[in-house]
Structure formats: structure tokens, C-alpha cells
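Undergrad: Right, I'll just put the structure down here and ask away after.
The values are calculated or read from the model by the stated rules, or taken from the named source; none is laboratory data. If you're wondering where the values come from, they're calculated on a predicted model, not measured in any experiment. Because the Cβ atoms are built from the backbone with ideal geometry, glycine has one as well, and the counts that use them run over all protein chains shown. SASA here: full protein model, heavy atoms, side chains in, ligands and nucleic acids out. Shrake-Rupley method; radii C 1.70, N 1.55, O 1.52, S 1.80 Å.
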Amino acid sequence: IPFGDMYKKIVDGKYVNAIDLRDDLTESLLFNEALAMECEQNKTLNHKNQLHFTLAKDCGGVYGVNIESGNYRTFERLLDENPAIIARKNFIEDTIADLLNLTSYLHDKGIYHVCFSPNNVFARKNDNAVMLLSHGSAYQNINDQQLLYGDNLDFVAPEFLEDGILDSSADIYSLGKFIEYLYREDRDRKSG
């Protein structure tokens, strides 16, 4: 995912989802402050498609996040493992409806996801329900957004990258790119 690597680890005899944050991010005071703020904000988000997380710390500070219980994978991984899922009845429609519903909920709270890349949108494993974790508006004051999003820049609105303009149009752009990705993958499978 844009901020680090997601994996499962054992804590108190149970598997938990975790993300080890990229070192170049955790070394930034601005990023750490934004992450702590987002963690507090995340506790107040009560939507069925919103994942919750806590900060993972050691003596060196924050090194990652622990994600609520469940089995989640990115949409990229889901489609790599099971490309035929796109053809399931209502899969694309349900995915888009869930994303639009959650995005509207977030916008009502002044929160913008910013990057709906297939590496930053999750599916719950048992029912493939869309889940979102971390939202980009918490990090809008970080100077180098290109460093922050890395390989996912195609899914971030150009006006945000160039001018720092962040409003609902940035999410509309990014959602459009995600939807294009879903249909492009579907078209590529049918033709090849």
C-alpha cells in the first residue's frame, strides 16, 4: 500500500493485520503528527466499510499500524488471485456503490481519501466488501505528496499534486481512475 507493507502477525496468540510504515515516512515529524491525528479521527468513523487502526510503537517511536480483526487484501491482490471475480453478478456495481456511499460519508465529515488506487482499497476476504483504511486528507500538509504516494500517483488528482487543492473533486477524479481500472481489467481479461 502507499504507506508501507501489509502483513499478518501474531499478537497474544491471534493473527492481526499490520502495516510496517516506510522508514522515509516515519522519519518525518509531519507524517508522524498527521498519523497520530488520523488515528484519533479514525476512532470516530462509524461506517461499515471503514477499517480502524491503532498505532504500533516501540522505543524508537511509531513504526506501523495494527488494523482491526478480519481478513483483508488489496483490490490489486484480489484481482491478481481471482480475476474472474469481476464477472460475478453485481461485483462491480456493489463495489462502486460501497465506495460512493463511504466517500459521501467521509466528505460529510470533511475527510478526503485522495488515492483510490487498487493498492489502497481493500476487500474483506469472505464477502469482498469494500473497505478503506487511511485517508489522504490527514497528510495534505506534507510537502512531497509524490513521495507519499509513490507508484500510486496515477490515482491522485493532478490539481492536488500540483497545487495542493483538496476537495471532493480530487476524490471524484481518483474514484474515476479506480472504476476505469476495474473495467480495464475486465476488458483485458475478455479480450486476451
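Undergrad: What are the residues in region 35-73 that are touching a residue at least 60 places away in the same chain (Cβ under 8 Å), of a type in the set (A, V, I, L, M) and surrounded by fewer than 14 Cβ atoms within 10 Å (Cβ to Cβ), if any?
TA: Of everything in region 35-73, just one residue is touching a residue at least 60 places away in the same chain (Cβ under 8 Å), of a type in the set (A, V, I, L, M) and surrounded by fewer than 14 Cβ atoms within 10 Å (Cβ to Cβ), namely MET37.
Yes/no per residue for (1) within 21 Å of ALA18 (Cα to Cα); (2) touching a residue at least 24 places away in the same chain (Cβ under 8 Å):
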{"position": "LEU78", "(1), (2)": "yes, yes"}
{"position": "SER104", "(1), (2)": "no, no"}
{"position": "ILE111", "(1), (2)": "no, yes"}
{"position": "ASN126", "(1), (2)": "yes, yes"}
{"position": "MET131", "(1), (2)": "yes, yes"}
{"position": "GLN140", "(1), (2)": "no, yes"}
{"position": "ILE172", "(1), (2)": "no, no"}
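Undergrad: If the requirement is being within 15 Å of the chain's Cα centre (by Cα), over 24 Å from LYS43 (Cβ atoms) and among the aliphatic types (A, V, I, L, M), which of these qualifies: VAL130, VAL156, VAL114, VAL121? Working first, answer last.
TA: Details: VAL130 fails: over 24 Å from LYS43 (Cβ atoms); VAL114 fails: over 24 Å from LYS43 (Cβ atoms); VAL121 fails: over 24 Å from LYS43 (Cβ atoms).
Exactly one residue qualifies, and that residue is VAL156.
Undergrad: Tally the residues that are surrounded by 13 or more Cβ atoms within 10 Å (Cβ to Cβ), at pLDDT below 90 and assigned to a loop (DSSP other than H, G, I, E, B), restricting the search to region 3-34.
TA: 0
Undergrad: Can you find even one residue in region 136-159 that is within 16 Å of GLU76 (Cβ to Cβ) and touching a Lys or Arg at 6+ places or on another chain (Cβ under 7 Å)?
TA: yes
Undergrad: Can you tell me how many residues within region 144-165 are open to solvent by 30 Å² or more (accessible area, probe 1.4 Å), touching a residue at least 24 places away in the same chain (Cβ under 8 Å) and closer than 18 Å to GLU33 by Cα?
TA: Total meeting the criteria: 1.
Undergrad: Scan region 22-52 for residues that are under 22 Å from ASP98 (Cα atoms) and in contact with a helix residue (DSSP H, G or I) (Cβ under 6 Å, 6 or more places away or on another chain) and jot them down. Walk me through how you get there before you give the answer.
TA: Here is the first cut: in region 22-52, the residues under 22 Å from ASP98 (Cα atoms) are 38, 41-52.
Selection gives GLU38, HIS47, ASN49, HIS52.
Undergrad: If you scan region 76-102, which residues turn out to be surrounded by 15 or more Cβ atoms within 10 Å (Cβ to Cβ) and out of contact with any helix residue (DSSP H, G or I) (no Cβ under 8 Å at 6 or more places or on another chain)?
TA: GLU76, ARG77, ASP94, ASP98, LEU102
Undergrad: Do we find that GLY176 is at pLDDT 95 or above and part of a helix (DSSP H, G or I) in this structure? Break it down stepwise before answering.
TA: Numbers: at pLDDT 95 or above: yes; part of a helix (DSSP H, G or I): yes.
Considered against the rule, which asks whether it is at pLDDT 95 or above and part of a helix (DSSP H, G or I), GLY176 comes out as yes.
Undergrad: Considering only region 181-190, I want to know if a residue exists there that is within 22 Å of GLN41 (Cα to Cα) and not aliphatic (A, V, I, L, M).
TA: Narrowing region 181-190 to residues within 22 Å of GLN41 (Cα to Cα): none.
Scanning region 181-190, I find no residue that is within 22 Å of GLN41 (Cα to Cα) and not aliphatic (A, V, I, L, M), so the answer is no.
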